[in-house]
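Notes to accompany the following structure.
The values are calculated or read from the model by the stated rules, or taken from the named source; none is laboratory data. As the structure is a computational prediction, the values presented were derived from the model and not from experiment. FYI the Cβ positions are ideal-geometry reconstructions off the backbone, even for glycines, and counts take in every protein chain you see. SASA here: full protein model, heavy atoms, side chains in, ligands and nucleic acids out. Shrake-Rupley method; radii C 1.70, N 1.55, O 1.52, S 1.80 Å.
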Amino acid sequence: MNDLDIPRTNSTPAIVADPARGVLSMHGDSYPENSFALFQPVLDWVEDYLTKTDQPLRLELELLYLNTSSVRALMDILDRLEEAYQENRRVSVIWLYDAANERVAELAEEFKEDCSYPFDIMAKP
Amino acid sequence: MIEEDDEFLEQVEARLCDPGMADNPLRPILEDLFNRYRAQSRMLDRLVHIADRFQLAERDRGRKHQENYHRKVRQLEKIVRISDHYQHMMRELNERLHTLSTRDELTELPNRRYILERLESEISYISRNGGTFCLALADLDHFKVINDTHGHSVGDTVLTRVAHALEHDIRDYDVCARWGGEEFLILFPRTTATVASDLAERLRLAATAPVETAQGPIDITVSIGVTEFRPGESIDEILIRVDRALYQAKAENRNCVVLI
């Protein structure tokens, strides 16, 4: 299982996957010119992890702004987690936001809508 | 039809079993025909059955496509909704940023940067279309004493109250900004010196009312300098002149308007 460590830029979030801990985290804004190039390795990593291990997977998100194609990519990841959850895998999401910007919490709620696995939306301490 | 067929088949079978038919030369032919017919009939049944299975499989496939299509449409609608939400959030953040960069935090009046931009566009408008404008610089009298005696918190209350009084009394198209410290700069577009002088006097009276503070009412007065734009001059030149008018008002015992 490979680690994933994509550094943060002005227009892309930091993306870190740690298979040993079973955690995939994304922090920052996401409006890359080519969302496919950014997120395909992430989707591949999730697929690989879910296929090759039977360990739990936790997605830690701290995202502020997403452009439309990033919204789509994130929904694909969340859908894949739902599929895994239906097959009795332990998956969960935790979305942290800045209490000064409640809008982000509302957006996280919209993403959560179709997910039946544990999905916590919490203000950063 | 099927019942009639069954009846006919029974009749043929009965004939074939009839001992009276045993020596009939047509019997073997009838038997052969009958067996062929039954084989063909069985084959037809199997074909129909297979064709039905294919139709069912096709129908299921069609349903799957349809479900998939509906799922994609729902997903697309959700993406659009979330994306709209993000755009809305960005617009709000932009507005907040705009307010932060053009407003004074304490008094919520336009700030120095904002009124300087307005002055530039006013001068550029006049250079193309003619006309005039006036500036007034208002300053709270003895503000340092208020601050030193009652503390900065009371000082802030006084500044805010005067700011609101000035903004309340200007016309819709005038601009009143916090220029810095206890100074307020007012732009009177399309206004001559005489009118501006009267407007400034009105503002002086509006601002000169006791301010209720945590430490009781405080009497305040303001001095105001007024000047009219002179064609061809720069922003700096008119600002220096309005400052001089204010200085003169201060020198003339304060609580008055001086026009230069």
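Summary table
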item: Unsatisfied cross-links (Cα-Cα over 29 Å) in the set A:Lys52/A:Lys124; A:Lys112/B:Lys72; A:Lys52/B:Lys78; result: A:Lys52/A:Lys124; A:Lys52/B:Lys78
item: Region B:34-91, Cα convex hull volume normalised per residue, Å³; result: 27 Å³
item: Rounded percent of accessible protein surface that carbon and sulfur make up, the protein assembly as shown, 1.4 Å probe; result: 51 percent
item: Rh by Kirkwood over Cα pairs, then Stokes-Einstein D for region B:1-40 at 1.567 mPa s and 4 °C, µm²/s; result: 121 µm²/s
item: For q = 0.09, 0.20 Å⁻¹, Debye-computed log10 I/I(0) when each Cα of chain A counts as one equal scatterer; result: -0.22, -1.21
item: √(5λ) per eigenvalue of the Cα gyration tensor, the protein assembly as shown, largest first, Å; result: 89, 27, 19
item: Residues along region A:53-81 losing 40 Å² or more of accessible surface when the other protein chains are present rather than the chain by itself (probe 1.4 Å); result: A:Tyr65, A:Thr68, A:Val71, A:Arg72, A:Met75
item: Inter-chain shielding of B:77-86 (mean C-beta neighbours from other protein chains, 10 Å cut-off); result: 6
item: Within chain A, longest stretch clear of exposed GluC sites (Glu not before Pro) (DSSP loop, no more than 15 other Cβ within 10 Å); result: A:34-86
item: Over region B:1-152 - Rg/Rh using Cα atoms and the Kirkwood inverse-distance radius; result: 1.80
item: B/A buried area, accessible surface, summed, 1.4 Å probe, Å²; result: 1800 Å²
item: Helix runs (DSSP H) in chain B reaching 15 Å along axis by Cα, Kyte-Doolittle at least -0.5; result: B:152-169, B:193-207, B:235-251
item: Cα centroid of region B:22-73 to Cα centroid of region B:92-168, whole Å; result: 90 Å
item: J(HN,Hα) series, region A:74-81, from Karplus relation 6.51 cos²θ - 1.76 cosθ + 1.60, nearest Hz, glycine and proline x; result: 5, 5, 4, 5, 5, 5, 5, 5
item: Residues of type lysines that B:Lys250 reaches as a straight line, Cα spacing below 22 Å, ignoring anything fewer than 8 places off in the same chain; result: B:Lys144
item: Relative contact order %, chain A, counting alpha carbon pairs below 8 Å whose residues are six or more apart; result: 21 percent
item: Shielding by partners, peptide A:91-103 (average Cβ within 10 angstrom, other chains); result: 1
item: Per residue accessible area of chain B, 1.4 Å probe, in Å²; result: 65 Å²
item: Built amide H within the under 5 Å cut-off of B:Asn255, gap 5+; result: B:Val222, B:Ser223
item: Contour minus Cα-Cα distance for B:Arg96 and B:His168 (0.36 nm per residue); result: 23.6 nm
